[in-house]
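Worksheet for the structure shown next.
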Amino acid sequence: MGRPLKIGIYSPFFGSTLGGGEKYLGVTAEAVRDAFPEHQLEMVTAVPVDRGLYERTLNLDLSGINFVSTNRRITRLHRMLNQMPALRLYRDLFVGAQAVSYTRAYDLFIAMVYVIPVSSQARRSVMLCQFPYPKGRVPRRVPEPIFQVYALPYRALRHFLLPDDISCFQQIVCQSQYVREWIGRYWKREAIVVNPPIDVPGLEPDWGRKQRVILSVGRFFTGGHEKRHDLMARAFRDLCDAGLTGWELHLAGSVHRDGLNGRYFENVRQLAEGYPIHVHPDAPYAQVQDLYRRASIYWHAAGYEANGDPAAQEHFGMTTAEAMGYGAVPVAIGSGGQPEVVDDGVDGFLWRDVDQLKAKTRALVDDPQLRQQVGLRARAASQRFSRQRFVRQMVAALAPVVRQLEEEPAAERAGQPQVEH
């Protein structure tokens, strides 16, 4: 076989964000490490990673994996750009461009892509696509007058630094049929669907521990596929004002405290005041597990009022599937990837407007037998998304690429240019 292959796994968000995409990437790294132990694996990130934090929060084991950062530390400039939406596109562009020079060091480069374009100069490249970005289109993150000012120079700079060329990726893997459909529309490319990994508990739920708890788990941030904690808090307040008693709403997730995201989080906390609404910022994995065990109903609202933006919908819905594994009945928005997780009326319920959300929740509140019946079916349905199944499918998707590289003449692989990190 010759020298070991050098495999790089990249995300511009790993190190600064704790969410479903990072769980997907982390378990992918575990799978590659365990399936191909004879090769050298590195994770490439835009900022240094607190390995322990990611392992505790996302239930990961990143031992034996070397981390490489394209920036040695988070600077004051980084923080300033995070608070200025009009400049984030430029920040994202430079982050993507930074990664390109690192790709030359790898035989196989596996890149997670969402919003920030990525290019690769590795021998083989695989994209883990959270959602495709429209080629040539500039995302609108600011009001129209400001957008017109920065769109033209951004396009020119992007063409120079990071052209819209995904042909460097020989294979695309995505997390749902919903995302696969949009990859076909935007890029005219096929993709392999590997649904995200869900930590399904081995034991049946303890139905005696179920409490009058409605739960939602998701990062506190605004913009993009935001989780709409604000909408859920208002809906629960409406239910309480209409006579609901004895029930609690729990909102858990990591917090982005910069700029608009910080103000969004504070708004959610203010909405919780005076009602049985509990906010759990930066909840560790063990606490989230306990909330799943206690929850009888699970809410999901990402994508509501997204004004037709397909990227702002929930691309799959990992936390919905996780809650189902604990026997919580999902009441989830019926858009994006959520209908692939929830079979409406069978193992959960889907809604289109807030009145439906409240009505379907009230029906479950008033019927404990219905909650347990649907909860049992939800638990069974969640097995489709187990971590073990994810590992098998991801390894099956990557193995042919690895084998092709292994079979190349040693001299050809030895010519791979190297860069110092």
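Please treat every number below as a calculation from the coordinates, not as lab data. For clarity, every value in this text was computed on a predicted model and none was experimentally measured. Glycine also receives a Cβ, built like all others from the backbone with ideal geometry; neighbour counts cover every protein chain displayed.
Observations
- For Phe316, the residues whose amide H sits under 5 Å from its own are Gly337, ignoring neighbours fewer than 5 places away on the same chain, with H placed 1.01 Å from N.
- Protection-proxy order for peptides 26-36, 178-188, each taking the mean of Cβ atoms within 10 Å per residue, highest first: 26-36, 178-188
- Charge dipole (Cα centre; +1 on Lys/Arg Cβ, -1 on Asp/Glu Cβ; no other charges) of the stretch 207-384 amounts to roughly 540 debye.
- Close amide-amide hydrogen proximity is noted between Lys227 and Phe221, each under 5 Å apart and 5 or more residues distant or on a separate chain (H modeled in the peptide plane; Pro and chain starts excluded).
- Contour excess over end-to-end distance, with Cα ends at Arg389 and Gln177 and 0.36 nm allotted per residue: 74.6 nm
- Integer Hz, Karplus 6.51/-1.76/1.60 couplings in order for the stretch 276-292, x for Gly and Pro: x, 10, 10, 9, 10, x, 6, 5, x, 4, 4, 5, 4, 4, 4, 5, 4
- Helix 354-365 axis, angle to the chain major axis (alpha carbon atoms, nearest 10°): 60 degrees
- Ascending count of other beta-carbon atoms within 10 Å, so fewest first, for Ser176, Ser254: Ser254, Ser176
- Relative contact order %, the stretch 207-384, counting alpha carbon pairs below 8 Å whose residues are six or more apart: 22 percent
- Calculated Cα extents along the principal axes in Å (choose from [x] 61, 42, 40; [y] 56, 47, 38; [z] 72, 52, 38), label: [z]
- Whole-number percent relative contact order across the chain, with pairs defined as alpha carbons under 8 Å at least 6 apart: 16 percent
- Relative contact order, percent, the stretch 3-73 [alpha-carbon distance under 8 Å, six or more residues apart]: 39 percent
- Couplings 3J(HN,Hα) of the stretch 249-262, computed from phi: 10, 10, 10, 10, x, 6, 10, 9, 9, 7, x, 4, 5, x Hz, in residue order, whole Hz [Karplus 6.51 cos²θ - 1.76 cosθ + 1.60, θ = phi - 60°; x for Gly and Pro].
- Tilt relative to the chain, helix 144-161 - C-alpha long axis, 0 to 90 degrees, to 10: 30 degrees
- Between 0 and 90°, nearest 10: helix 387-407 axis offset from the chain longest Cα axis: 10 degrees
- The chain, helix-only ellipticity at 222 nm - DSSP H runs n ≥ 4, -39,500 (n - 2.57), divided by all residues, nearest 500: -13500 deg cm²/dmol
- Net dipole in debye of the stretch 290-421 [+1 Lys, Arg Cβ; -1 Asp, Glu Cβ; about Cα centre; nearest 20]: 660 debye
- Between the residues Gly259, Leu376, Gly274, the greatest Cα displacement towards the positive end of the dipole of the stretch 207-384, with unit charges on the Cβ of Lys, Arg, Asp and Glu, is found for Leu376.
- Sequence ranges 363-376, 92-105, ranked by mean other-Cβ count within 10 angstrom, highest first: 92-105, 363-376
- The dipole here belongs to the chain: it is taken about the Cα centre, uses +1 on the Cβ of Lys and Arg and -1 on the Cβ of Asp and Glu, and is about 640 debye.
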